[in-house]
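Undergrad: Can you keep this structure in mind? I'll have questions shortly.
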């Protein structure tokens, strides 16, 4: 018989910027196989006095190749998926509550890149962080989430961001995803840029400022 038991686990996150002076907090959720300490470099062009960037790291670390070498992190797999979803929503809520207890921000932005897009979508729906701006970047809306699931997306400005050379998602697939979202109660603006499966600096600056 299979059983579950809840345990305490240490999670890691990295930050950039000054939370005392920043008007905007930006939560950025990394993609599959990435680490927070590297992903946060994508945001170091932001003014550190205006933005406080928080990059949580997925709870599942693994070797990217074989049994040694570079390490990456993941948010979940198909195995015990609901437990993983519950765990990372609880983790992200706890992290936000800890920051929110000390600092206050005028604006709240949530960005989910690649695999982190599905994580961010679920957190935006189910979690305690109420984003004013939601960026679904090089990702798709989770198939198992009802498009009418939450009013949160109706209360935020939503953007679907994709590069024209993305190795995993074509513009055509992106357009289908955006059309499906917009035909429901959700509204997303399709933002395109020239580039691959990555955070494009110019596009990011245009969206967060």
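The values are calculated or read from the model by the stated rules, or taken from the named source; none is laboratory data. Source: prediction; values computed, not measured. Using ideal geometry, Cβ is built from the backbone for each residue, glycine included, and neighbour counts are taken over all protein chains shown.
Undergrad: Given the condition surrounded by fewer than 21 Cβ atoms within 10 Å (Cβ to Cβ), within 17 Å of the chain's Cα centre (by Cα), without any contact (Cβ under 8 Å) to a residue 24 or more places away in the chain and under 26 Å from residue 84 (Cβ atoms), answer yes or no: does some residue in segment 145-155 qualify?
TA: Looking through segment 145-155, none of the residues is surrounded by fewer than 21 Cβ atoms within 10 Å (Cβ to Cβ), within 17 Å of the chain's Cα centre (by Cα), without any contact (Cβ under 8 Å) to a residue 24 or more places away in the chain and under 26 Å from residue 84 (Cβ atoms).
Undergrad: A further question follows. Quick check on this structure: which one of 131, 120 is within 21 Å of residue 187 (Cα to Cα) and assigned to a helix (DSSP H, G or I)?
TA: Checking each option against the conditions leaves just 120.
Undergrad: Same structure, new question: Are any residues in segment 42-79 in contact (Cβ under 8 Å) with a residue 60 or more places away in the chain and either farther than 27 Å from residue 142 by Cα or out of contact with any strand residue (DSSP E or B) (no Cβ under 6 Å at 6 or more places or on another chain) (or both), and if so, which ones?
TA: 42, 45, 46, 51
Undergrad: Sticking with this one: Among the numbered criteria (1) over 17 Å from the mean Cα position of the chain (by Cα); (2) at pLDDT 95 or above; (3) within 19 Å of residue 111 (Cβ to Cβ), which single criterion is violated by residue 181?
TA: Result: residue 181 fails condition (2) only.
Undergrad: Regarding segment 87-108, can at least one residue be identified that is exposed (fewer than 13 other Cβ atoms within 10 Å of the Cβ) and part of a strand (DSSP E or B)?
TA: So far as segment 87-108 goes, no, none of its residues is exposed (fewer than 13 other Cβ atoms within 10 Å of the Cβ) and part of a strand (DSSP E or B).
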